[in-house]
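Student: One structure is given below, represented as structure tokens, and several questions about it will come after.
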Amino acid sequence: MSESGAAMPERLVDVENLTVRVSGREGMPILDSVSITVEAGKMTALVGESGAGKSMTTKAILGILDDRLFDVSGRIEVCGEDVSAMKTKQRRQYISRVAALVFQNPTRALNPTMRIGPQIAEATRFAPDGPHLSDKAAHDRAIELMKQVGIAAPEERYFAFPHQMSGGMKQRAVIAIALSLNPKVLFCDEPTSSLDVTTQALIMDLLDELRARLGLGILFITHDLVLAASRADTVQVLHSGRVVEKMPVDDLFQRAAMPYTRDLIARVPGFGGDEPRPTMIPLEVASPAHACSYVGECAFRQGICGTQVPPLAEIEPGHLARCWFPVGHPPLDQSLATAHEGASIGR
Amino acid sequence: MLRMILGRLPQMVIVVLGTGFLAFSIMFVLPGDVVRSILGDNYTPQAAAQISAQLHLNQPFLIRYFSWLGDFVTGQLGTSLIPPHQQVSDLLGQALLPTGEMLLFGQIIAIVLGVGLAVLSVASRNRVVDRIVQAIALVCSSIPGFVLGLLLLELLAVQFQLVSPRGWVAPADGGWGENISHILFPSLILGLFTFPVMMRVFRAELVSQLDDEDYVTLARLKGISTGRLIFRHVLRNSSFGLLTVVGINVARLVGGVVVIEAIFGIPGMGTLIKNSVQQHDTPAALASITFVAIFVVVANLLVDIAYAILDPRVRDAAS
Amino acid sequence: MTTATPTNTSMIPTSKRGPRLRLYRARAYRKPSVIVPAAILLFILLACFAGPTLFHLPKPSVGNLSDYLLPIGSPHHLLGTNTLGNDMLSQLLVGGQITIIVSVGAMALGLVFGTLIGMIAGYYERIVGAVLMRILDIIFAFPDIILAVAIAAYLGPSVINTIWAIGFFNIAGFGRIARAQTLRVVRMDFIVAGRSSGISGFSILWTHIWPNIAGRVFAYALIALSYAMMAEASLSFLGLGVPIPTPSWGNIIGSNQSYMSLAPLLIVMPAILLFATIASANLLADGLQEKRASTIE
């Protein structure tokens, strides 16, 4: 879509028009035509406020949403295969081989009544698509993984219970579990927000190192713009279930075009102030499915913003924005209005 | 672990003593002339005075209580006031086996049914199965134990003669096979009567673990099978609510036992307690009530120990 | 949701969250899992208390022995008669009155005293709390049937005494619930703030803690009601509860126990009523709790 040049890196995650609805409920979907790409050895940051649908996106890609509660549609390609077409069991096994998830809260991600070592070793022993290692071999592999993620004294820690370890150590253990089946892509759902700042930097360094050494692709979910800007290669901004802006990381603080992204940046300490923002009277939109998701609070809104969803349009090479009036750019051609599929009427 | 048990001891002793005191007070205020009922036709004022003195009946309340307590602690449970004046320890010995068997089998049946049906309804992810299981639990929890007992007894024992009829066969008389075949049906009633609470608690816990816990998601992402996920990960973490219910239910079970023993004509603890209180047989009543209290307290301690065994966090906190 | 056409009316100034929320709450009760059991309970209640007068039923225990064991549908005896010639419909409805009065009374006793003790035990955690908790433990470890036996033996079985006997053991259950809930609330910041600013304990208990635990306590009350109903039936069945000739669902079953093979309906009919009432109470408790969960969401 965007990348021009001869050597296109391997695309590990390629999601197009991912839409998630609560089963049997009409109106606004939870995720509306989300498209995401993650490339090998690169980190894509998915940024947004809580409730924007960041975690929902990972869950939908990994196929761990409860299919009794949610309807998922769209093309989800992970490591070259379209998983949305697969049967649940097959999909889960495939995903377990190529992708892994690092959770926000390591305390909740670990089984409190199981020792750390066996939890790390479990997949290598019991996963149907795993190597089915013997007890001894799995133990050795777990120790090796623990060394790899920087857990000190792994032979002792192998027998520790989660509550006997610190938050940072637990997160390292979760990462070790994630690495146990040699995945190609790592989904990190706010992996550092429950940790203190020093530990946060250490965990981020670990992720960086793993990415460089193993060539992992990382989808990094965060609400922290500064963190995203300092570590990622590409940034995607999510608002109310829609991707509203997608850009190379260097554009984030300099050239963000969507008013929502700009407002987010203005709220980061040290970045606000120079640009006075008018206080907007929030609007309620009669038909949110047919409006820009940010129209309620947008300082630049005009009539069309409340009636037509803007398309995610390339405003300069590699930089896409979903806005009729991108800041610093000419307004979009309004004949594009019908290009957006998620807003189709009567679904 | 040992420290936890020792820490619990004072509480346990207080509860047992308190129960004994409550029982003693109840027996004390019960009207009716014990002496007359002991002597029957042989009543003479001299004999009455002698017996009153023997039983410390003319002493004040607290002195009588402490003398009883002293006897109890030293293991002198006394003799029954009702002919044939058996040793209370013998009465207890005879009553403990049937009740113990019933409680053991009943509790096993309840836990197996409760856990099994909960796992079935959750793991099947099938609305119909879930509804059926819930309906069974609702029916069993809404029919009083004695009604269930009466109806099933009539149906299975009298009409279809599928199970042994009422009554109790001591293992010494009819062998263990006969004994167990007679106790199994009342135990089943007890189990049916207790399992719904366990099932509901366990099912709720299972659902909340499976739906809300990240470690479940992580285990799923590892690709391991649903069976392993449930048995290796979720079952243990879901069992704490069940344990609490088992502990709380122990006391309720004793009430159920009294009724079921009455229906099936089983000479157990429930019958002993009921008869001894009704007949003013103070030594037997006090001993059996206190015994039940000890049983309840010990059962609750066992529940706490099980808790510590299953949850390493509790274990670490205790030591 | 309104499906407005995308025109210039599509922007409507700010939301009206208040009324919509209230509407939603009222609607939360209007669902089958609440209405059906509530309706059944109401029907049973009305039938038992208004039925006998409304249909000019004979008194439950003035039957003529010559009318014994009339079948269902007999003239003047819609549900037949029992072995003493008493009208079964009258027995069942009046028996229902007694069973309901006893179980509601016993539940109320437990609710008032148990909740009070539990709240105090939870609020004053140290000595008072420990002492009260041990007392509740003692009540809990005490076989509930004993007091009933003792009361029946001492004061004679009667309706009032049955209420006392069952109510006493409900205290422990309510006490535990109330204590656990109070412990949960007491640690919240607004209680800590109130405590440190010197508001009296009872004022905090009543104005801050009670409203926060009332929901759980009342949810338990429905379950306690079904327990009390079972306890009444069991005691009356054993001859330790409501004494014959006053009928109750429990003693109707108990007194007809020996005619099980001869006239099973005499037992099945009260058993069905007992079951329907207890099951409805249980279902209503479930339905209301479901509602609580969805409101929190």
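The values are calculated or read from the model by the stated rules, or taken from the named source; none is laboratory data. The model shown is predicted, which means the values in this text are computed figures rather than measured ones. When we count neighbours, we look across all protein chains shown, and the Cβ atoms used for this are built from the backbone with ideal geometry, even at glycine. Heavy atoms of the whole protein, side chains included, go into the accessibility calculation; ligands, DNA and RNA do not. Shrake-Rupley method; radii C 1.70, N 1.55, O 1.52, S 1.80 Å.
Student: Could you pull out every one of the aspartates and glutamates with an alpha carbon less than 19 Å from that of residue A:136, ignoring same-chain neighbours closer than 8 positions?
Tutor: A:122, A:144, A:155, A:156
Student: Further question: Nearest 500 deg cm²/dmol is fine: what mean residue ellipticity at 222 nm does the protein assembly as shown get from its DSSP H runs of n ≥ 4 alone, each adding -39,500 (n - 2.57), divided by its residue count?
Tutor: The helix-only estimate for the protein assembly as shown comes to -19000 deg cm²/dmol at 222 nm.
Student: Here is a follow-up. For chain A, what's the relative contact order in percent, using C-alpha pairs closer than 8 Å and at least 6 residues apart?
Tutor: Across chain A, relative contact order equals 20 percent.
Student: Checking an interface number: how much accessible area is buried between A and B, summed over both chains, with a 1.4 Å probe, in Å² rounded to 100?
Tutor: Summing both sides, the interface buries roughly 2500 Å².
Student: Evaluate the distance, in nm, between pseudo-label points positioned 7 Å from the Cα of residue A:316 and of residue C:128 along their respective Cα→Cβ axes.
Tutor: Those two pseudo-labels are separated by 7.1 nm.
Student: Using protein chains only and a probe of 1.4 angstrom, how many square angstrom of residue C:184 are accessible, to the nearest 10?
Tutor: Answer for residue C:184: close to 100 Å² accessible.
Student: Can you work out the FRET efficiency for the pair residue A:159 and residue A:66, with r the C-beta to C-beta distance and R0 = 30 Å, to the nearest 0.05?
Tutor: For residue A:159 and residue A:66, the calculated efficiency is 0.30.
Student: To the nearest 10 square angstrom, how much accessible area does residue A:136 have with a 1.4 angstrom probe?
Tutor: 130
Student: Can I ask one more? For a Förster distance of 60 Å, can you work out the FRET efficiency between the beta-carbons of residue A:226 and residue B:13, rounded to the nearest 0.05?
Tutor: Step by step, r from the Cβ atoms, then E = 0.50.
Student: Run the numbers for residue A:166 and residue A:23: contour at 0.36 nm per residue of separation, minus the present Cα-Cα distance, in nm.
Tutor: Full extension of this stretch gives 47.5 nm more.
Student: Would you mind giving the total buried accessible surface between chains B and C, with a 1.4 Å probe and ligands, DNA and RNA left out, rounded to the nearest 100 Å²?
Tutor: Rounded to the nearest hundred, the buried surface is 3600 Å².
Student: Given a Förster distance of 22 angstrom, what is the FRET efficiency for residue A:144 paired with residue B:228, based on the Cβ-Cβ distance and rounded to 0.05?
Tutor: Efficiency for this residue pair is about 0.40.
Student: Could you work out how far helix A:88-98 tilts from the main Cα principal axis of chain A, as a 0 to 90 degree angle to the nearest 10?
Tutor: That helix lies at roughly 80 degrees to the long axis.
Student: Kindly compute the accessible surface that chains A and C hide from a 1.4 Å probe when together, both sides summed, and give it to the nearest 100 Å².
Tutor: Approximately 900 Å², summed over both chains.
Student: Let me ask something else. Relative to the isolated chain, which residues of segment A:83-100 have their accessible area cut by 50 Å² or more in the presence of all protein chains (1.4 Å probe, heavy atoms, no ligands or nucleic acids)?
Tutor: At a threshold of 50 Å² (probe 1.4 Å), the residues of segment A:83-100 that become less exposed are A:92.
Student: Between residue B:49 and residue C:164, what is the spin-label point distance in nm, taking each point 7 Å from the Cα along the Cα→C-beta axis?
Tutor: 3.6
Student: Between residue A:198 and residue B:108, with labels modelled 7 Å along Cα→Cβ, what's the label distance in nm to one decimal, could you check?
Tutor: The modelled label-to-label distance comes out at 5.6 nm.
Student: Please name which of A:126, A:173, A:58 has its Cα lying farthest along the dipole of chain A towards the positive end, using unit charges on Cβ (Lys, Arg +1; Asp, Glu -1) and the Cα centre as origin.
Tutor: It is A:126.
Student: Please work out whether chain A counts as rounded, prolate or oblate from its C-alpha gyration tensor, where a ≥ b ≥ c are the square roots of the eigenvalues and a/c under 1.5 means rounded, while otherwise a/b larger than b/c means prolate and anything else oblate?
Tutor: Prolate, since a/c reaches 1.5 and a/b exceeds b/c.
Student: Please give the Cα centre distance for segment A:319-335 versus segment B:186-252, rounded to the nearest Å.
Tutor: That distance is 54 Å.
Student: Here's a follow-up. If the reach is capped at under 19 angstrom between alpha carbons, list the lysines near residue C:31, excluding any in the same chain fewer than eight residues apart.
Tutor: C:291
Student: Hey, how many Å between the Cα centroid of segment C:194-270 and the Cα centroid of segment A:188-234?
Tutor: That distance is 58 Å.
Student: Can you sort A:250, A:67 by solvent-accessible area, 1.4 Å probe, largest first?
Tutor: A:250, A:67
Student: Continuing with the same structure: Mind listing which chymotrypsin sites (Phe, Trp or Tyr not before Pro) in segment B:75-163 are in a DSSP loop and have 12 or fewer other Cβ atoms within 10 Å?
Tutor: Those satisfying the criteria are B:160.
Student: Roughly how much of residue C:142 is accessible, in Å² to the nearest 10, using a 1.4 Å probe?
Tutor: 10
Student: Another question about this same structure. Report the relative contact order of segment C:101-297, percent, no decimals, based on alpha-carbon pairs under 8 angstrom and at least 6 residues apart.
Tutor: Value for segment C:101-297: 25 percent.
Student: Report, in whole Å, the centroid distance computed from the Cα atoms of segment C:105-164 and segment A:38-102.
Tutor: Taking the Cα centre of segment A:38-102 as reference, the centre of segment C:105-164 is 55 Å away.
Student: Whenever you get a sec, line up C:154, A:260, B:307 from highest to lowest accessible area (probe 1.4 Å, protein heavy atoms).
Tutor: C:154, B:307, A:260
Student: Next up: At a 1.4 Å probe radius, carbon and sulfur cover how many percent of the accessible area of the protein assembly as shown?
Tutor: For the protein assembly as shown, the apolar C and S fraction of the accessible surface comes to 62 percent.
Student: Based on Cα positions only, what radius of gyration and what Dmax would you give for chain B, in angstroms?
Tutor: 23.9, 86
Student: Rolling a 1.4 Å sphere over the protein heavy atoms, what is the accessible area per residue of the protein assembly as shown, to the nearest Å²?
Tutor: Averaged over the residues of the protein assembly as shown, the accessible area is 45 Å².
Student: Please determine, in degrees from 0 to 90 and to the nearest 10, the orientation of helix B:127-142 with respect to the longest principal axis defined by the Cα atoms of chain B, where the helix direction is its Cα long axis.
Tutor: 10
Student: Could you sort the residues of segment C:111-141 by number and keep only those whose accessible area is reduced by 50 Å² or more in the all-protein-chain setting relative to the chain alone, 1.4 Å probe?
Tutor: C:134, C:138, C:140, C:141
Student: Kindly identify residues of segment A:104-131 having a loss of at least 30 Å² in accessible area between the isolated chain and the assembly of all protein chains, probe radius 1.4 Å.
Tutor: Checking the loss per residue gives A:108, A:109, A:111, A:112, A:113, A:114, A:122, A:126.
Student: Pairs to check: A:54/B:222; A:42/A:246; A:42/A:184; A:59/A:170. Give those whose C-alpha atoms are more than 18 Å from each other in this structure.
Tutor: Checking Cα-Cα distances, A:54/B:222; A:59/A:170 exceed 18 Å.
Student: Another question, then. With axes computed from alpha carbons, what is the tilt in degrees of helix A:197-214 against the longest principal axis of chain A, rounded to the nearest 10 within 0 to 90?
Tutor: 80
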